[in-house]
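Student: Encoded as structure tokens, here's the structure I'll be asking about.
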Amino acid sequence: MRDDEENQKNPNDSPESPGVSRREFLKISGISVAVPLVAGPRVVKAAGQEVRVYGPGKVPMEFAINGKNYKANLEPRVTLLDALRDEFELTGAKRVCDRAECGACTVLVDDKPVYACAMLAIEAQHKAITTVESLTRDGKLHPIQQAFVDNDASQCGFCTPGFVVACKAFLDKHPHPAPEDIRRGLSGNLCRCGTYAGIRKAIAQVAQKGA
């Protein structure tokens with residue numbers, strides 16, 4: 001190799017170059033991707049109080065979902081919806097708007113309906129999480145699910161899991177609702193097929209049977 005060819009090396013590879021060279025950066029990045037970081041919490045002071053800060057790497061988490069215990073190493077930024085679907089293969093809750101507007105991802109957290117796409121998984125630890133998968137027992141549909149079938153309240157069915165879970169939470173709190181209560185109670189869930197009349201009939205059916 002001629003001297004002038006040796007001098008044509010990438011200047012970023014020169015020992016005199018400041019910082020990390022491009023080649024070194026790529027090596028470091030490759031190692032970071034191949035070996036996920038599992039980091040514990042750090043404690044910082046904010047407004048005179050100690051606050052635990054997690055991440056940015058994965059941290060161990062524990063969940064109580066449908067009466068069973070689950071463990072996983074997840075990044076603190078992972079949503080409850082992503083954890084349910086991607087980590088635990090509980091795909092009943094659907095991702096539609098992904099911005100807490102449509103309700104297709106509704107699950108119960110300590111018996112309260114929440115949008116799983118808007119809640120971080122790390123916030124749901126040590127709380128009772130209920131998904132639509134738990135409602136069917138021994139192959140038998142929950143009364144709310146059966147009422148959806150009886151009243152043709154599903155149509156395409158994509159929003160149905162979120163509606164079923166929201167209906168359960170609503171009926172648990174209002175076992176004998178008035179029509180206006182139903183409209184107001186389910187206002188947080190949207191159905192693009194427009195099966196609202198069937199859904200209201202399904203709720204009325206369950207309420208009449210006292211389920």
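The values are calculated or read from the model by the stated rules, or taken from the named source; none is laboratory data. Treat the numbers as computed from the prediction; the structure is a model and nothing was measured. Cβ: placed from backbone, ideal geometry, glycine included. Neighbour counts: every protein chain shown. Protein only, heavy atoms only, side chains kept; ligands, DNA and RNA dropped before computing areas. Shrake-Rupley method; radii C 1.70, N 1.55, O 1.52, S 1.80 Å.
Student: Which one of 100, 83 is within 23 Å of residue 55 (Cα to Cα) and either surrounded by 14 or more Cβ atoms within 10 Å (Cβ to Cβ) or among the β-branched types (Val, Ile, Thr) (or both)?
Tutor: 83
Student: Might you let me know whether segment 95-115 holds any residue that is in contact with a Phe, Trp or Tyr (Cβ under 6 Å, 6 or more places away or on another chain) and either modelled with pLDDT of 95 or more or of a type in the set (D, E, K, R) (or both)?
Tutor: yes
Student: Follow-up question, since we're still on this one. If the requirement is being in contact with a helix residue (DSSP H, G or I) (Cβ under 9 Å, 6 or more places away or on another chain) and more than 20 Å from residue 186 (Cβ to Cβ), which of these qualifies: 130, 79?
Tutor: 79
Student: Report yes if residue 89 is within 22 Å of residue 160 (Cα to Cα), open to solvent by 70 Å² or more (accessible area, probe 1.4 Å) and free of Cβ contacts under 8 Å to residues at least 12 places away in the same chain, otherwise no.
Tutor: It is true that residue 89 is within 22 Å of residue 160 (Cα to Cα), open to solvent by 70 Å² or more (accessible area, probe 1.4 Å) and free of Cβ contacts under 8 Å to residues at least 12 places away in the same chain.
Student: Further, regarding this structure: Can you confirm whether residue 108 is open to solvent by less than 80 Å² (accessible area, probe 1.4 Å), aliphatic (A, V, I, L, M) and without any contact (Cβ under 8 Å) to a residue 60 or more places away in the chain?
Tutor: Judged against the criteria, residue 108 is not a match.
Student: Turning to a different aspect of this structure: Going by the structure shown, is residue 145 crowded, with 16+ Cβ neighbours inside 10 Å and more than 25 Å from the chain's Cα centre (by Cα)?
Tutor: Against the criterion (crowded, with 16+ Cβ neighbours inside 10 Å and more than 25 Å from the chain's Cα centre (by Cα)), residue 145 does not qualify.
Student: Of all residues in segment 54-75, which are open to solvent by less than 50 Å² (accessible area, probe 1.4 Å) and either in a strand (DSSP E or B) or modelled with pLDDT under 95 (or both)?
Tutor: Of everything in segment 54-75, those that are open to solvent by less than 50 Å² (accessible area, probe 1.4 Å) and either in a strand (DSSP E or B) or modelled with pLDDT under 95 (or both) turn out to be 55, 57, 59, 61, 63, 64, 65, 72, 74.
This table checks each residue for (1) touching a helix residue (DSSP H, G or I) at 6+ places or on another chain (Cβ under 8 Å); (2) more than 18 Å from residue 97 (Cα to Cα).
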| position | (1), (2) |
| --- | --- |
| 159 | no, no |
| 167 | yes, yes |
| 183 | yes, yes |
| 203 | yes, yes |
| 208 | no, yes |
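Student: Look through 173, 140 and report the one residue that is of a type in the set (Lys, Arg), open to solvent by 10 Å² or more (accessible area, probe 1.4 Å) and within 20 Å of residue 67 (Cβ to Cβ).
Tutor: Result: 140 is the single residue among 173, 140 that is of a type in the set (Lys, Arg), open to solvent by 10 Å² or more (accessible area, probe 1.4 Å) and within 20 Å of residue 67 (Cβ to Cβ).
Student: Hey, another quick one. Being touching a Lys or Arg at 6+ places or on another chain (Cβ under 8 Å) and in a loop (DSSP other than H, G, I, E, B) is the filter; apply it to segment 148-185 and report the residue that is farthest from residue 93 (Cα to Cα).
Tutor: 151
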